[in-house]
C-alpha cells in the first residue's frame, strides 16, 4: 500500500470515527433523558471509547501520511524535521495544530466524570468542524473563504449529528420494544425525530452551498471523477433521506398497531442508513483528494 492509499483509508476512518463519537455523545448528552443516558452510555461505552480513540489516532496518522505525501513517501512520514516544517510553514499545518489540540481533548473528556458526555460532544464537534479548515473548503480567501469554511463546518456537524445519533437510536428502539417499554426511550425517540428534521435540512442546504462554492454548478459532468463521485454521494444521501422519512412517517404511526414488527422494520432501516452513511463517507474521503473540475 502506498502513502496515498493509506491516506485515503485514514481519511475514511477519521470521518467515520469523528462523526460517530460526535453524534452518539450529543444524542446522549442532549436528547436522552438523564436516567436513559446513563444506561445507554454504559452500554455504548466500548463504542464511544473506540471511536474517540480512533478519531484521535487518525488525526496524528493523517498528519504523518500527509507529510509523507508532500515528501518522498513512507520514509518521510516519520521525519520529525519535515513534520515540524509542515506544521510551521503551511496553512495546512496551522489548521492541523488546532486539530491536534482537539484530538488530545477527546481521551481527556473521559476523565471529567458526569461532565464527560458534554465534554466529549464538544471536543469531537470541534475536531469535526476543524476539517473545514483544509481541503476544498479552504479554496477561497477573504470573506468568501470565511463563508465557505463556516458553511462547511455546519455541514459536517449536521451530518455527524444525523449519522452518529443513529448508533444510540438502535438500542433505544430495542428498549421501546421491550416487555415493559421505556418511556424515556420513547421521549428520546421523539426528540431525535424533531432534531433529525433540522439536521437533514441543514445537510441538504449546506451541501448545496458547498457545491456552489466548489463547482459553481451541479455535478452533471460525469466524465470528471470528482463530479461523478459527488453525484453518487448526493444520490446516496437522497436514499438515506427517503429511508429516514419512511421511518418517521411510514412506520412510526404503525407502532401502536404492530409494535414488534414495526420496531424491527425501523431498526433494519436505521441499520441500512448507517451502512449508506459509511458509503457516503468513503466517497467523501476519495473525492476530497481529487482536484474539483
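What full-extension length gain, to one decimal in nm, is calculated for residue 81 and residue 97 as 0.36 nm per residue of separation minus the Cα-Cα distance?
Working it through step by step, the gained length comes to 4.2 nm.
Using a Gaussian network model of the chain whose springs link C-alpha atoms within less than 10 Å, name the residue from 14, 155, 197 with the highest mean-square fluctuation.
Among 14, 155, 197, the largest mean-square fluctuation in the Gaussian network model of the chain belongs to 197.
With angles folded into 0 to 90 degrees, how steeply does helix 259-287 sit against the dominant principal axis of the chain? Use alpha carbons for both and round to 10.
Compared with the principal axis, the helix lies near 0 degrees.
Between residue 114 and residue 70, what is the label-to-label distance in nm when each label sits 7 Å out along the Cα-to-Cβ direction?
4.5
Helix 142-176: angle to the longest alpha-carbon principal axis of the chain, degrees 0 to 90, nearest 10?
30
Note the angle between two axes, namely the Cα long axis of helix 80-89 and the longest principal axis of the Cα atoms of the chain, as a number of degrees from 0 to 90, rounded to the nearest 10.
80
Based only on Cα atoms, what mean projected area does the convex hull of the chain have, in nm²?
16.2
Computed from the coordinates by the stated procedures, all read-outs in this text should not be read as laboratory data. Note that the structure is a prediction, hence the values are computed from the model and not measured. Virtual Cβ from ideal backbone geometry, glycine too; neighbours counted across all protein chains shown.
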